[in-house]
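The values are calculated or read from the model by the stated rules, or taken from the named source; none is laboratory data. Model, not experiment: these values are computed from the prediction. Please note: Cβ atoms are built from the backbone with ideal geometry, for glycine as well, and neighbour counts cover all protein chains shown.
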Amino acid sequence: MNTVEFRSLMAHQTPHLRDELEYWEDDLPHLQMAEFLDFTQKAIVARSFDVVRKSFEIATTALKSGDATLLNAIYVSFLERLDFRSDAGKQAFLLMPAELKKGRYEVLDHDEKLLGRKLGVDDRA
């Protein structure tokens, strides 16, 4: 799956996100992923866990079948930036499939190694 196919999947699965996704050109996958992150994070805050579950399903599909560009966007602009520190976030984290958790841990570990410290959204002990 490439970034264009992922954008189509997101637009099909989340029609109200279509305009925001189409605003960004196909060669700007990180900005498209930021829209997806914002959508997912707002669903977490609103405790819309069915929406959160659907977002995680979409992201898992991309993680399993994405090309290098899409995978980079998923890791850097989605998994790395999700914030699970609130009570709603802790509940949402429980919905996250194992593949996404593994990817999140990998990118957070990489960041910690590079920066010499944890990112603010890394709430692991």
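For region 90-125, the candidate set comprises residues that are acidic (Asp, Glu) and not in a loop (DSSP other than H, G, I, E, B); within that set, the residue that is farthest from Thr61 (Cα to Cα) is Glu112. Only residues that are surrounded by 18 or more Cβ atoms within 10 Å (Cβ to Cβ) and at pLDDT below 85 were counted in region 22-39, giving 2.
Just one of the listed residues (Phe84, Phe56, Phe78) is surrounded by 15 or more Cβ atoms within 10 Å (Cβ to Cβ) and part of a loop (DSSP other than H, G, I, E, B), namely Phe84. If you go through region 59-75 and pick out every residue that is part of a helix (DSSP H, G or I), of a type outside the set (Lys, Arg) and more than 12 Å from the chain's Cα centre (by Cα), you end up with 3.
Would you be able to say whether some residue in region 81-96 is touching a Ser or Thr at 6+ places or on another chain (Cβ under 6 Å) and of a type outside the set (Phe, Trp, Tyr)? So far as region 81-96 goes, no, none of its residues is touching a Ser or Thr at 6+ places or on another chain (Cβ under 6 Å) and of a type outside the set (Phe, Trp, Tyr). Count of region 94-106 residues, restricted to those that are surrounded by fewer than 19 Cβ atoms within 10 Å (Cβ to Cβ) and either among the acidic types (Asp, Glu) or within 15 Å of Val121 (Cβ to Cβ) (or both), is 4.
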